[in-house]
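Just below is one structure, and these are the notes that go with it.
The values are calculated or read from the model by the stated rules, or taken from the named source; none is laboratory data. From a predicted model like this one, the values you see are computed outputs, not experimental measurements. As a convention, Cβ positions derive from the backbone with ideal geometry for all residues, glycine included, and neighbour counts pool all protein chains shown. Side chains included, ligands, DNA and RNA excluded: accessible areas come from the protein's heavy atoms. Shrake-Rupley method; radii C 1.70, N 1.55, O 1.52, S 1.80 Å.
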Amino acid sequence: MDIKNTNISTQCVQAGYLPKGSAEPRVMPIVQSTTYKYENCDALAAAFDLQAPTPIYTRLGNPTLSFLEEKITTLEGGVAAVTTASGQSAILFSVLALTKSGENIISLNNIYGGTHTLFASTLKNMGIEVRFVSASATADEIYSLIDDNTKLVYAETIGNPALEVLDFEKLSSIAKKADIPLVIDNTFATPYLCRPFELGANIVIHSTTKYMDGHATSVGGVIVDGGNFNWENGKFPQLSTPDESYHGLIYTKAFGKAAFALKIRAGLLRDIGSTMSPFNAFLTTLGLETLHLRMEKHCENALKVAKYLEGHEKIEFVNYPLLESSPSYELAKKYLTKGASGVVAFGVKGGSDNAKAFIDNMKLATLVTHVADVRTHALHPASTTHRQLSEAEQIAGGILPNLVRYSVGIEDVDDIIADIKQALEKIK
Ligand SMILES: *Cc1c(COP(=O)(O)O)cnc(C)c1O
(Lines give C-alpha, C1' and ligand atoms only; values in the text may rest on other atoms or scores of the structure.)
Protein backbone atom coordinates (compact mmCIF):
# COMPACT_ATOMS: atom_id res chain seq x y z
CA MET A 1 0.00 0.00 0.00
CA ASP A 2 1.42 3.41 -0.95
CA ILE A 3 1.61 5.38 2.26
CA LYS A 4 0.89 8.59 0.30
CA ASN A 5 -2.65 7.34 -0.35
CA THR A 6 -3.44 6.56 3.29
CA ASN A 7 -5.11 8.84 5.81
CA ILE A 8 -3.00 11.23 7.83
CA SER A 9 -3.38 9.23 11.08
CA THR A 10 -1.85 6.21 9.34
CA GLN A 11 0.91 8.43 7.96
CA CYS A 12 1.69 9.75 11.45
CA VAL A 13 2.26 6.18 12.62
CA GLN A 14 3.88 4.60 9.58
CA ALA A 15 5.34 7.10 7.09
CA GLY A 16 9.12 7.47 6.88
CA TYR A 17 11.19 4.52 8.02
CA LEU A 18 10.14 1.09 6.79
CA PRO A 19 12.24 -2.04 7.35
CA LYS A 20 13.32 -3.41 3.99
CA GLY A 21 14.14 -7.06 4.52
CA SER A 22 13.88 -9.76 7.15
CA ALA A 23 15.29 -9.17 10.62
CA GLU A 24 15.66 -5.43 10.11
CA PRO A 25 14.76 -3.34 13.18
CA ARG A 26 11.04 -2.47 13.17
CA VAL A 27 11.74 0.86 14.86
CA MET A 28 13.76 3.55 13.05
CA PRO A 29 17.44 3.16 14.01
CA ILE A 30 19.51 6.07 15.27
CA VAL A 31 22.48 6.35 12.95
CA GLN A 32 24.86 8.08 15.32
CA SER A 33 27.64 8.42 12.77
CA THR A 34 29.15 11.50 11.20
CA THR A 35 30.79 9.57 8.39
CA TYR A 36 29.96 6.98 5.73
CA LYS A 37 32.30 4.49 4.15
CA TYR A 38 32.64 4.30 0.35
CA GLU A 39 34.15 1.47 -1.73
CA ASN A 40 36.29 3.68 -3.96
CA CYS A 41 37.06 7.28 -4.80
CA ASP A 42 34.78 7.41 -7.82
CA ALA A 43 31.77 6.29 -5.78
CA LEU A 44 32.42 9.06 -3.25
CA ALA A 45 33.03 11.60 -6.04
CA ALA A 46 29.61 10.74 -7.49
CA ALA A 47 28.03 11.39 -4.09
CA PHE A 48 29.80 14.76 -3.94
CA ASP A 49 28.39 15.57 -7.35
CA LEU A 50 24.95 14.96 -5.84
CA GLN A 51 24.39 12.24 -8.45
CA ALA A 52 23.60 9.60 -5.85
CA PRO A 53 21.41 10.65 -2.88
CA THR A 54 23.67 8.87 -0.42
CA PRO A 55 25.05 10.32 2.82
CA ILE A 56 28.56 11.78 2.79
CA TYR A 57 28.85 13.62 6.05
CA THR A 58 26.12 14.20 8.65
CA ARG A 59 26.21 18.01 8.40
CA LEU A 60 24.62 17.54 4.96
CA GLY A 61 22.40 14.57 5.71
CA ASN A 62 22.05 11.39 7.72
CA PRO A 63 19.84 8.29 7.32
CA THR A 64 17.89 8.96 10.54
CA LEU A 65 17.26 12.55 9.49
CA SER A 66 16.19 11.33 6.04
CA PHE A 67 13.51 9.09 7.55
CA LEU A 68 12.10 11.98 9.59
CA GLU A 69 12.25 14.23 6.51
CA GLU A 70 10.35 11.62 4.52
CA LYS A 71 7.69 11.33 7.22
CA ILE A 72 7.12 15.08 7.39
CA THR A 73 7.14 15.37 3.57
CA THR A 74 4.35 12.80 3.46
CA LEU A 75 2.36 14.47 6.25
CA GLU A 76 2.52 17.87 4.54
CA GLY A 77 2.06 16.49 1.02
CA GLY A 78 5.27 18.12 -0.24
CA VAL A 79 8.07 16.73 -2.43
CA ALA A 80 11.11 16.96 -0.12
CA ALA A 81 12.14 18.28 3.29
CA VAL A 82 15.27 19.35 5.12
CA THR A 83 15.53 19.14 8.90
CA THR A 84 17.47 21.78 10.82
CA ALA A 85 18.72 22.22 14.36
CA SER A 86 15.86 24.57 15.27
CA GLY A 87 12.78 26.27 13.91
CA GLN A 88 14.72 29.53 13.78
CA SER A 89 17.36 28.07 11.45
CA ALA A 90 14.59 26.63 9.23
CA ILE A 91 13.10 30.12 8.88
CA LEU A 92 16.48 31.77 8.31
CA PHE A 93 17.48 29.23 5.64
CA SER A 94 14.17 29.60 3.81
CA VAL A 95 14.74 33.33 3.51
CA LEU A 96 18.47 33.14 2.72
CA ALA A 97 17.91 30.59 -0.04
CA LEU A 98 15.75 33.07 -1.92
CA THR A 99 16.92 36.53 -0.87
CA LYS A 100 20.19 38.42 -0.81
CA SER A 101 21.40 41.73 0.53
CA GLY A 102 19.50 44.61 -1.09
CA GLU A 103 16.34 42.57 -1.55
CA ASN A 104 13.24 42.37 0.62
CA ILE A 105 10.42 40.13 1.81
CA ILE A 106 6.88 40.74 3.04
CA SER A 107 5.83 39.35 6.43
CA LEU A 108 2.68 39.59 8.48
CA ASN A 109 3.45 41.30 11.78
CA ASN A 110 1.49 38.89 14.02
CA ILE A 111 4.26 36.27 14.01
CA TYR A 112 6.30 34.49 16.68
CA GLY A 113 8.46 36.93 18.67
CA GLY A 114 11.70 35.12 17.80
CA THR A 115 10.91 35.32 14.10
CA HIS A 116 10.03 38.99 14.45
CA THR A 117 13.46 39.78 15.95
CA LEU A 118 15.21 37.58 13.38
CA PHE A 119 13.47 39.57 10.65
CA ALA A 120 13.64 43.04 12.16
CA SER A 121 17.19 42.83 13.48
CA THR A 122 19.42 40.04 12.14
CA LEU A 123 18.10 40.08 8.56
CA LYS A 124 18.19 43.86 8.58
CA ASN A 125 21.87 43.74 9.55
CA MET A 126 22.44 41.40 6.62
CA GLY A 127 20.88 43.95 4.28
CA ILE A 128 17.58 42.13 3.81
CA GLU A 129 14.59 44.33 4.45
CA VAL A 130 11.44 42.82 5.95
CA ARG A 131 8.27 44.78 5.18
CA PHE A 132 5.86 44.02 8.00
CA VAL A 133 2.16 44.32 7.40
CA SER A 134 -0.95 43.75 9.47
CA ALA A 135 -3.00 40.61 8.82
CA SER A 136 -6.04 42.86 8.49
CA ALA A 137 -4.57 44.90 5.63
CA THR A 138 -6.38 44.48 2.33
CA ALA A 139 -4.90 42.49 -0.56
CA ASP A 140 -4.27 45.75 -2.43
CA GLU A 141 -2.48 47.30 0.56
CA ILE A 142 -0.23 44.27 0.89
CA TYR A 143 0.36 44.05 -2.85
CA SER A 144 1.43 47.69 -2.95
CA LEU A 145 4.42 46.84 -0.69
CA ILE A 146 5.79 44.43 -3.29
CA ASP A 147 8.43 45.60 -5.79
CA ASP A 148 10.89 43.92 -8.18
CA ASN A 149 13.20 43.07 -5.28
CA THR A 150 10.54 41.33 -3.18
CA LYS A 151 11.26 37.61 -3.00
CA LEU A 152 8.64 35.98 -0.79
CA VAL A 153 5.57 36.43 1.40
CA TYR A 154 5.78 35.03 4.93
CA ALA A 155 2.98 34.21 7.40
CA GLU A 156 1.92 31.77 10.14
CA THR A 157 -1.15 29.51 9.86
CA ILE A 158 -2.09 30.46 13.42
CA GLY A 159 -0.16 33.54 14.54
CA ASN A 160 1.79 33.05 17.76
CA PRO A 161 0.58 34.19 20.28
CA ALA A 162 -2.33 36.41 19.18
CA LEU A 163 -3.88 33.36 17.44
CA GLU A 164 -5.06 35.04 14.28
CA VAL A 165 -5.88 32.45 11.62
CA LEU A 166 -4.31 33.17 8.26
CA ASP A 167 -6.50 34.17 5.35
CA PHE A 168 -4.84 31.74 2.94
CA GLU A 169 -6.95 32.83 0.00
CA LYS A 170 -5.92 36.46 0.38
CA LEU A 171 -2.21 35.80 0.93
CA SER A 172 -1.84 33.15 -1.75
CA SER A 173 -3.56 35.32 -4.33
CA ILE A 174 -1.12 38.15 -3.55
CA ALA A 175 1.89 35.84 -3.83
CA LYS A 176 0.56 34.34 -7.08
CA LYS A 177 -0.09 37.75 -8.60
CA ALA A 178 3.47 38.84 -7.72
CA ASP A 179 4.85 35.45 -8.85
CA ILE A 180 6.77 34.94 -5.60
CA PRO A 181 6.48 32.02 -3.17
CA LEU A 182 4.23 31.95 -0.12
CA VAL A 183 6.18 30.63 2.88
CA ILE A 184 4.07 29.38 5.78
CA ASP A 185 5.09 28.62 9.35
CA ASN A 186 2.66 25.79 10.15
CA THR A 187 4.04 25.08 13.64
CA PHE A 188 0.88 25.60 15.69
CA ALA A 189 -1.52 23.91 13.30
CA THR A 190 0.69 20.95 12.31
CA PRO A 191 -0.20 19.05 9.13
CA TYR A 192 -2.85 17.21 11.15
CA LEU A 193 -4.98 20.37 11.44
CA CYS A 194 -3.96 22.23 8.28
CA ARG A 195 -2.10 21.39 5.06
CA PRO A 196 -0.89 24.71 3.63
CA PHE A 197 0.20 23.27 0.25
CA GLU A 198 -3.47 22.58 -0.47
CA LEU A 199 -4.19 26.25 0.27
CA GLY A 200 -1.64 27.90 -2.00
CA ALA A 201 1.58 27.73 0.04
CA ASN A 202 4.84 26.87 -1.72
CA ILE A 203 7.15 26.30 1.26
CA VAL A 204 6.16 25.16 4.74
CA ILE A 205 8.40 25.44 7.76
CA HIS A 206 7.98 24.11 11.28
CA SER A 207 9.53 24.43 14.63
CA THR A 208 9.39 20.67 15.30
CA THR A 209 10.14 21.64 18.89
CA LYS A 210 6.43 22.18 19.46
CA TYR A 211 3.61 19.72 18.66
CA MET A 212 5.65 17.52 16.31
CA ASP A 213 7.97 16.46 19.13
CA GLY A 214 5.12 17.15 21.51
CA HIS A 215 6.92 16.10 24.67
CA ALA A 216 9.30 19.05 25.08
CA THR A 217 12.45 16.98 24.58
CA SER A 218 14.06 18.25 21.35
CA VAL A 219 14.64 21.59 19.66
CA GLY A 220 14.39 21.21 15.90
CA GLY A 221 13.06 22.57 12.65
CA VAL A 222 12.11 21.50 9.16
CA ILE A 223 11.65 23.11 5.75
CA VAL A 224 9.23 21.36 3.41
CA ASP A 225 9.33 22.03 -0.31
CA GLY A 226 5.89 21.96 -1.94
CA GLY A 227 7.42 21.41 -5.39
CA ASN A 228 4.72 23.72 -6.76
CA PHE A 229 6.57 26.93 -7.59
CA ASN A 230 8.15 27.80 -10.94
CA TRP A 231 11.67 28.90 -9.99
CA GLU A 232 12.47 29.57 -13.63
CA ASN A 233 10.38 32.74 -13.75
CA GLY A 234 13.48 34.94 -13.86
CA LYS A 235 13.32 36.07 -10.24
CA PHE A 236 15.44 33.31 -8.69
CA PRO A 237 18.75 32.98 -10.56
CA GLN A 238 20.26 31.22 -7.51
CA LEU A 239 18.05 28.24 -8.41
CA SER A 240 17.77 28.53 -12.18
CA THR A 241 21.31 29.49 -13.28
CA PRO A 242 24.65 27.70 -12.69
CA ASP A 243 25.91 27.59 -9.06
CA GLU A 244 29.66 28.21 -9.27
CA SER A 245 30.16 26.74 -5.79
CA TYR A 246 28.86 23.47 -7.28
CA HIS A 247 30.84 23.76 -10.54
CA GLY A 248 27.92 24.93 -12.59
CA LEU A 249 25.08 22.87 -11.14
CA ILE A 250 21.61 24.25 -11.98
CA TYR A 251 19.22 23.21 -9.22
CA THR A 252 16.04 23.41 -11.27
CA LYS A 253 17.60 21.29 -14.02
CA ALA A 254 19.22 18.73 -11.71
CA PHE A 255 16.45 18.30 -9.12
CA GLY A 256 13.25 19.42 -10.82
CA LYS A 257 10.46 19.93 -8.32
CA ALA A 258 12.80 19.51 -5.33
CA ALA A 259 15.20 22.27 -6.46
CA PHE A 260 14.50 24.49 -3.46
CA ALA A 261 15.05 21.71 -0.89
CA LEU A 262 18.31 20.71 -2.55
CA LYS A 263 19.48 24.32 -2.62
CA ILE A 264 18.91 24.47 1.15
CA ARG A 265 20.84 21.26 1.71
CA ALA A 266 23.70 21.67 -0.75
CA GLY A 267 24.06 25.40 -0.14
CA LEU A 268 23.00 26.47 3.33
CA LEU A 269 23.36 23.30 5.39
CA ARG A 270 26.72 22.74 3.75
CA ASP A 271 28.00 26.26 4.41
CA ILE A 272 26.33 27.16 7.69
CA GLY A 273 25.51 23.88 9.44
CA SER A 274 22.62 23.94 11.93
CA THR A 275 22.01 20.24 11.37
CA MET A 276 19.53 18.38 13.56
CA SER A 277 21.07 15.67 15.73
CA PRO A 278 20.05 12.08 14.89
CA PHE A 279 18.93 11.55 18.47
CA ASN A 280 16.59 14.56 18.31
CA ALA A 281 15.25 13.20 15.02
CA PHE A 282 14.52 9.89 16.74
CA LEU A 283 12.58 11.60 19.56
CA THR A 284 10.74 13.83 17.08
CA THR A 285 9.74 10.79 15.04
CA LEU A 286 8.49 9.06 18.17
CA GLY A 287 6.43 12.17 18.90
CA LEU A 288 4.98 12.28 15.39
CA GLU A 289 3.71 8.71 15.74
CA THR A 290 1.02 10.02 18.13
CA LEU A 291 0.53 13.49 16.60
CA HIS A 292 -3.02 12.71 15.44
CA LEU A 293 -4.15 11.51 18.87
CA ARG A 294 -2.49 14.33 20.74
CA MET A 295 -3.85 17.05 18.44
CA GLU A 296 -7.41 15.74 18.84
CA LYS A 297 -7.08 15.93 22.63
CA HIS A 298 -5.26 19.30 22.67
CA CYS A 299 -8.01 20.81 20.51
CA GLU A 300 -10.89 19.29 22.50
CA ASN A 301 -9.41 20.39 25.84
CA ALA A 302 -8.53 23.87 24.57
CA LEU A 303 -12.05 24.60 23.32
CA LYS A 304 -13.46 23.61 26.73
CA VAL A 305 -10.91 25.75 28.56
CA ALA A 306 -11.63 28.70 26.23
CA LYS A 307 -15.38 28.42 26.86
CA TYR A 308 -14.84 28.21 30.62
CA LEU A 309 -12.63 31.31 30.59
CA GLU A 310 -15.11 33.20 28.45
CA GLY A 311 -17.72 32.82 31.18
CA HIS A 312 -15.41 33.90 34.01
CA GLU A 313 -15.87 37.33 35.62
CA LYS A 314 -12.14 37.95 36.12
CA ILE A 315 -11.34 37.45 32.45
CA GLU A 316 -11.45 40.47 30.15
CA PHE A 317 -11.26 38.62 26.83
CA VAL A 318 -10.53 35.16 25.49
CA ASN A 319 -8.98 34.52 22.14
CA TYR A 320 -9.36 31.08 20.64
CA PRO A 321 -10.04 30.80 16.93
CA LEU A 322 -12.98 28.42 17.35
CA LEU A 323 -14.88 30.62 19.82
CA GLU A 324 -17.72 32.38 18.02
CA SER A 325 -16.51 35.64 19.56
CA SER A 326 -13.11 35.31 17.90
CA PRO A 327 -12.32 37.70 15.04
CA SER A 328 -10.78 34.63 13.37
CA TYR A 329 -13.88 32.44 13.78
CA GLU A 330 -14.89 32.44 10.10
CA LEU A 331 -11.34 31.71 8.95
CA ALA A 332 -10.97 28.97 11.58
CA LYS A 333 -14.22 27.34 10.39
CA LYS A 334 -12.88 27.46 6.86
CA TYR A 335 -9.29 26.33 7.38
CA LEU A 336 -9.13 24.53 10.75
CA THR A 337 -12.00 22.10 10.50
CA LYS A 338 -10.45 19.56 12.89
CA GLY A 339 -9.59 22.04 15.64
CA ALA A 340 -7.50 25.11 16.36
CA SER A 341 -4.62 23.64 18.43
CA GLY A 342 -4.13 23.72 22.19
CA VAL A 343 -3.07 27.32 22.48
CA VAL A 344 -5.49 29.79 24.07
CA ALA A 345 -4.76 33.46 24.72
CA PHE A 346 -6.68 35.52 27.25
CA GLY A 347 -6.57 38.80 29.10
CA VAL A 348 -6.92 38.93 32.87
CA LYS A 349 -8.86 41.91 34.27
CA GLY A 350 -6.63 44.31 36.19
CA GLY A 351 -3.70 44.47 33.78
CA SER A 352 -0.21 43.07 33.71
CA ASP A 353 0.07 42.48 37.49
CA ASN A 354 -3.01 40.27 37.59
CA ALA A 355 -1.93 38.34 34.51
CA LYS A 356 1.35 37.59 36.22
CA ALA A 357 -0.40 36.77 39.54
CA PHE A 358 -2.64 34.26 37.76
CA ILE A 359 0.43 32.47 36.39
CA ASP A 360 2.22 32.55 39.74
CA ASN A 361 -0.86 30.98 41.39
CA MET A 362 -1.09 28.00 39.04
CA LYS A 363 -0.58 24.60 40.67
CA LEU A 364 -1.04 22.03 37.89
CA ALA A 365 0.01 24.13 34.91
CA THR A 366 3.60 25.33 34.93
CA LEU A 367 5.35 28.52 33.89
CA VAL A 368 7.74 27.64 31.08
CA THR A 369 8.97 29.30 27.89
CA HIS A 370 7.35 26.75 25.66
CA VAL A 371 4.05 25.85 24.11
CA ALA A 372 2.57 22.86 22.45
CA ASP A 373 3.55 19.84 24.48
CA VAL A 374 1.59 17.27 26.45
CA ARG A 375 1.69 19.27 29.69
CA THR A 376 -0.35 22.42 30.35
CA HIS A 377 1.75 25.59 30.50
CA ALA A 378 1.30 29.33 30.64
CA LEU A 379 3.42 32.38 29.92
CA HIS A 380 3.15 36.19 30.07
CA PRO A 381 4.36 37.23 26.56
CA ALA A 382 4.69 40.98 27.20
CA SER A 383 7.37 40.47 29.88
CA THR A 384 9.05 37.44 28.31
CA THR A 385 8.89 36.19 24.69
CA HIS A 386 7.95 39.58 23.27
CA ARG A 387 9.96 41.62 25.77
CA GLN A 388 12.44 42.82 23.09
CA LEU A 389 9.68 44.54 21.10
CA SER A 390 8.65 48.11 21.79
CA GLU A 391 5.19 48.57 23.35
CA ALA A 392 3.88 49.85 20.01
CA GLU A 393 5.26 46.78 18.23
CA GLN A 394 3.78 44.56 20.95
CA ILE A 395 0.33 46.05 20.57
CA ALA A 396 0.57 45.93 16.76
CA GLY A 397 1.25 42.20 17.13
CA GLY A 398 -1.64 41.72 19.58
CA ILE A 399 0.54 41.41 22.70
CA LEU A 400 -1.48 43.31 25.29
CA PRO A 401 0.01 43.85 28.78
CA ASN A 402 -2.59 41.57 30.44
CA LEU A 403 -2.29 38.77 27.86
CA VAL A 404 -1.66 35.22 29.07
CA ARG A 405 -0.62 32.60 26.53
CA TYR A 406 -1.99 29.33 27.80
CA SER A 407 -0.94 26.04 26.20
CA VAL A 408 -3.53 23.40 27.01
CA GLY A 409 -2.06 19.93 27.47
CA ILE A 410 -3.65 16.50 27.24
CA GLU A 411 -4.36 16.01 30.96
CA ASP A 412 -7.98 15.55 32.10
CA VAL A 413 -9.66 18.84 31.25
CA ASP A 414 -11.57 18.91 34.57
CA ASP A 415 -8.26 19.10 36.41
CA ILE A 416 -6.97 21.83 34.09
CA ILE A 417 -10.12 23.90 34.66
CA ALA A 418 -9.99 23.33 38.45
CA ASP A 419 -6.45 24.71 38.43
CA ILE A 420 -7.50 27.80 36.45
CA LYS A 421 -10.43 28.33 38.84
CA GLN A 422 -8.28 28.25 41.98
CA ALA A 423 -5.59 30.49 40.43
CA LEU A 424 -8.19 33.11 39.44
CA GLU A 425 -9.90 32.96 42.84
CA LYS A 426 -6.67 34.14 44.50
CA ILE A 427 -6.35 37.34 42.48
CA LYS A 428 -8.21 40.52 43.39
C1 LIG B 1 8.95 28.21 18.60
C2 LIG B 1 8.57 28.75 17.30
C3 LIG B 1 9.55 29.05 16.35
C4 LIG B 1 11.02 28.91 16.61
O5 LIG B 1 11.37 27.58 16.73
P6 LIG B 1 12.60 27.03 17.60
O7 LIG B 1 12.51 25.57 17.38
O8 LIG B 1 12.38 27.45 19.02
O9 LIG B 1 13.84 27.63 17.03
C10 LIG B 1 9.13 29.54 15.12
N11 LIG B 1 7.83 29.71 14.85
C12 LIG B 1 6.86 29.43 15.75
C13 LIG B 1 5.44 29.65 15.38
C14 LIG B 1 7.20 28.94 17.00
O15 LIG B 1 6.23 28.67 17.89
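For this structure, a couple of remarks:
- Amide H contacts for GLU103 (H built 1.01 Å from N in the peptide plane; partners 5 or more residues away or on another chain; cut-off under 5 Å): GLU129.
- Anisotropy class of region 229-309 from Cα gyration tensor, a/c 1.5 cut: prolate
- Charge sum, other residues only, whose C-beta stays under 10 Å from ILE410's C-beta, Lys/Arg counted +1 and Asp/Glu -1: -2
- List GLU76, GLU393, ordered by accessible area with a 1.4 Å probe, largest first: GLU393, GLU76
- Evaluated at q = 0.10, 0.14 Å⁻¹: base-10 log I(q)/I(0), Debye formula over Cα of region 3-287: -0.51, -1.01
- The chain, relative contact order [Cα under 8 Å, separation at least 6], %: 16
- Surface share of carbon and sulfur [accessible, 1.4 angstrom probe, percent] for region 3-287: 54
- Residue range of the chain that is longest and free of chymotrypsin sites (Phe, Trp or Tyr not before Pro) which are both DSSP loop and sparsely packed (at most 16 other C-beta within 10 Å): 39-428
- Here the simple spin-label model places points 7 Å from the Cα toward Cβ, and for THR138 and CYS41 these points are separated by 6.7 nm.
- Going by accessible surface with a 1.4 Å probe and the largest first, ASP42, ASP243, ASP2 read ASP42, ASP2, ASP243.
- Trypsin sites (Lys or Arg not before Pro) restricted to DSSP loop in region 1-83 with at most 12 other C-beta within 10 Å: LYS20, ARG26, LYS37
- Accessible surface area normalised per residue over region 3-287 is 39 Å², counting heavy atoms of protein chains with a 1.4 Å rolling probe.
- For LYS349, a cut-off of 18 angstrom between C-alpha atoms picks up these lysines, skipping any fewer than 8 places away in its own chain: LYS307, LYS314, LYS421, LYS426, LYS428.
- Beta bridges per DSSP with both ends in the chain, % antiparallel, nearest 5: 60
- Given +1 at the Cβ of Lys and Arg, -1 at the Cβ of Asp and Glu and no other charges, the dipole of region 3-287 around its Cα centre is 480 debye to the nearest 20.
- Within the straight-line cut-off of under 16 Å between alpha carbons, the aspartates and glutamates reachable from LYS20 are ASP2, GLU70, sequence neighbours fewer than 8 places apart in one chain being disregarded.
- A 1.4 Å probe run over region 337-378, with the rest of the protein chains in place, finds 38 Å² accessible per residue.
- Prolate/oblate/rounded label for region 191-279 (Cα gyration tensor, a/c 1.5): oblate
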